[in-house]
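The values are calculated or read from the model by the stated rules, or taken from the named source; none is laboratory data. Note that the coordinates shown come from a computational prediction; the quantities given were computed from them, not determined experimentally. Glycine also receives a Cβ, built like all others from the backbone with ideal geometry; neighbour counts cover every protein chain displayed. All accessible areas refer to the heavy atoms of the entire protein, side chains included, with ligands and DNA or RNA removed. Shrake-Rupley method; radii C 1.70, N 1.55, O 1.52, S 1.80 Å.
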Amino acid sequence: VQLVESGGGLVQPGGSLRLSCVVSGTIFPLYGMAWYRQSPGEQRELIASINNMGRTNYAESVKDRFTISRDNAKSTVYLQMTSLKPSDTAVYYCSTHIREYYWGQGTQVIVSS
């Protein structure tokens, strides 16, 4: 199973970014997906998840600002981030659990003026 994230970068406070994660090596529609983030010196934090039926959950820190979605035809999960804050600066990882956890390599998001 391979996960490859993209879409990170530098954005000003209040801006938006969309992260993508392409999954290969498994039957993507069968499994839930999640986005985590990790800031320097902090533990990795679960921020959004979507199950195989499209049901979503969010951490309070990103609720109403971030939206997770999936395109089963493209084996891709997205994280649309809006109203970004400096505290959203982190490396963002997508993940899935298929008998074990699989992770992407991460994509850096920096929110700064």
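Of all residues in segment 22-62, those satisfying the criterion of being within 13 Å of the chain's Cα centre (by Cα), more than 15 Å from GLN2 (Cα to Cα) and open to solvent by 70 Å² or more (accessible area, probe 1.4 Å) are ARG44, LEU46, ASN57.
Name the single residue, out of those in segment 81-90 being among the hydrophobic types (A, V, I, L, M, F, W, C) and touching a residue at least 60 places away in the same chain (Cβ under 8 Å), that is nearest to TYR58 (Cα to Cα).
Within segment 81-90, the subset among the hydrophobic types (A, V, I, L, M, F, W, C) is 81, 84, 90.
Filter again for touching a residue at least 60 places away in the same chain (Cβ under 8 Å), leaving 81, 84.
Values: MET81: 12, LEU84: 15 Å.
The residue in question is MET81.
Write out, first by first residue and then by second, each pair whose Cβ atoms fall under 7 Å of each other, whose residues are 6+ apart or on separate chains, and whose first residue, in segment 94-112, is touching a residue at least 40 places away in the same chain (Cβ under 8 Å) and among the aromatic types (Phe, Trp, Tyr) while the second is surrounded by 14 or more Cβ atoms within 10 Å (Cβ to Cβ) and assigned to a loop (DSSP other than H, G, I, E, B). Here the result reads TYR102/VAL1, each pair linking segment 94-112 to a residue that is surrounded by 14 or more Cβ atoms within 10 Å (Cβ to Cβ) and assigned to a loop (DSSP other than H, G, I, E, B).
Which residues, taken from segment 3-31, are over 20 Å from VAL111 (Cβ atoms) and at pLDDT 95 or above?
If we filter segment 3-31 for residues that are over 20 Å from VAL111 (Cβ atoms), which is where we start, we get 3-4, 22-31.
Listed by number, the residues that qualify are LEU3, VAL4, VAL22, VAL23.
What do you reckon, is ALA73 of a type in the set (Gly, Ala, Ser) and open to solvent by 90 Å² or more (accessible area, probe 1.4 Å)?
Values: of a type in the set (Gly, Ala, Ser): yes; open to solvent by 90 Å² or more (accessible area, probe 1.4 Å): yes.
Judged against the criteria, ALA73 is a match.
Note on segment 97-113: residues that are more than 13 Å from GLU5 (Cα to Cα) and either open to solvent by 50 Å² or more (accessible area, probe 1.4 Å) or modelled with pLDDT of 95 or more (or both) amount to 8. Summed over segment 2-19, the residues that are surrounded by 15 or more Cβ atoms within 10 Å (Cβ to Cβ) and among the hydrophobic types (A, V, I, L, M, F, W, C) give a count of 4.
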